[in-house]
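**Student:** Quick one: this structure, given as structure tokens, is what I'll be asking you about.
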Amino acid sequence: MKPSTALLALALTGLTGLATLPGQAATTIDSLRGDLPITATEPAPDPFKYINDKENIPRNFKDQPPLVPHTTEKYEINLKENGCLKCHMEGAAGKDDDEEAKSVPMSKSHYVDRQGKKHNKPVGNRHFCTQCHVPQADAEPLVENTFQALVKK
Ligand code: HEC
Ligand code: HEC
């Protein structure tokens with residue numbers, strides 16, 4: 001046997017050795033695609049339905065940005081405007097003429113900049129609300145889990 005062939009033989013034994021490790025060869029991987037072959041096209045999943053509820057969603061840990069209990073795609077946030085402020089500005093909330101606007105105002109923290117200076121409008125680092133506040137889809141968890149909230153509110 002030439003040295004190169006010997007090396008190849010050794011490498012091959014190494015590989016087969018790996019493939020037959022106890023417990024490994026028999027394992028079948030249960031992927032999220034189920035038993036659909038890789039070559040088959042899976043139909044697109046149903047689009048998420050975002051929950052639209054007047055009730056706030058309990059927080060899971062202290063200082064968590066609360067989850068948004070309503071859809072957000074209607075409310076534009078760009079350099080010039082921020083649709084969320086219509087209802088969540090201090091003062092906007094609870095307006096009698098607009099039933100919808102009876103929502104919690106943003107906390108005081110949203111008016112304080114990095115230097116600790118208070119402003120009369122939300123500061124720049126709070127402008128893009130959905131960076132921290134995300135809406136929730138009414139989706140089944142992909143895998144079973146035993147998650148429990150750290151706080152009850
Ligand atoms: C038409 C009025 C309206 C607009 C616009 C609006 N919201 Fe709301 N929002 C509500 C109402 C009503 C609730 C639920 C009741 C409450 O918390 O007062 C709510 C609740 C929330 C909460 C939960 C507060 C908590 O303490 O749990 C968050 C966070 C929130 N909205 C973020 C947003 C963001 C981000 C936007 C923009 C993308 C937005 N909202 C636009 C009316 C509005
Ligand atoms: C950098 C992350 C961040 C951004 C951006 C942000 N928030 Fe928040 N928000 C938080 C956190 C954290 C809390 C909970 C702690 C607190 O109240 O300060 C909160 C709390 C709130 C609450 C609940 C107040 C209460 O008293 O229950 C509302 C409503 C809210 N934010 C709305 C908004 C809106 C509207 C915007 C956009 C103008 C926004 N937030 C931008 C992090 C953020």
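**Student:** Select from the stretch 22-53 the residues that are assigned to a loop (DSSP other than H, G, I, E, B) and touching a Pro at 6+ places or on another chain (Cβ under 7 Å) and write down the one among them that is modelled with the lowest pLDDT. Reasoning before the result, please.
**Tutor:** Within the stretch 22-53, the subset assigned to a loop (DSSP other than H, G, I, E, B) is 22-49, 51-53.
Those left that are additionally touching a Pro at 6+ places or on another chain (Cβ under 7 Å): 51, 53.
Details: 51: 89, 53: 84.
My answer is 53.
**Student:** Can you tell me which residues in the stretch 133-153 are part of a loop (DSSP other than H, G, I, E, B), surrounded by 11 or more Cβ atoms within 10 Å (Cβ to Cβ) and at pLDDT 90 or above?
**Tutor:** Hits for the stretch 133-153 are 133, 134, 136.
**Student:** Counting only residues that are open to solvent by less than 100 Å² (accessible area, probe 1.4 Å), within 16 Å of ligand 1 (Cβ to nearest atom) and in a loop (DSSP other than H, G, I, E, B), how many does the stretch 111-132 have?
**Tutor:** The number of residues fulfilling the criteria is 4.
**Student:** Return yes when residue 108 is modelled with pLDDT under 95 and under 16 Å from residue 86 (Cβ atoms) and no when it is not.
**Tutor:** No: the conditions fail for residue 108.
**Student:** Related question: Starting from the stretch 116-141, keep only residues that are of a type in the set (A, V, I, L, M), then list their pairs with residues that are near ligand 2 (Cβ under 8 Å from one of its atoms) whose Cβ atoms are within a distance under 8 Å, requiring at least 6 positions of separation or different chains.
**Tutor:** Filtered contacts from the stretch 116-141: 123/110.
The values are calculated or read from the model by the stated rules, or taken from the named source; none is laboratory data. The shown structure was predicted, so the numbers you read here are calculated from the model rather than taken from an experiment. Glycine also receives a Cβ, built like all others from the backbone with ideal geometry; neighbour counts cover every protein chain displayed. Accessible surface is based on the protein model in full, side chains and every heavy atom, while ligands, DNA and RNA are left aside. Shrake-Rupley method; radii C 1.70, N 1.55, O 1.52, S 1.80 Å.
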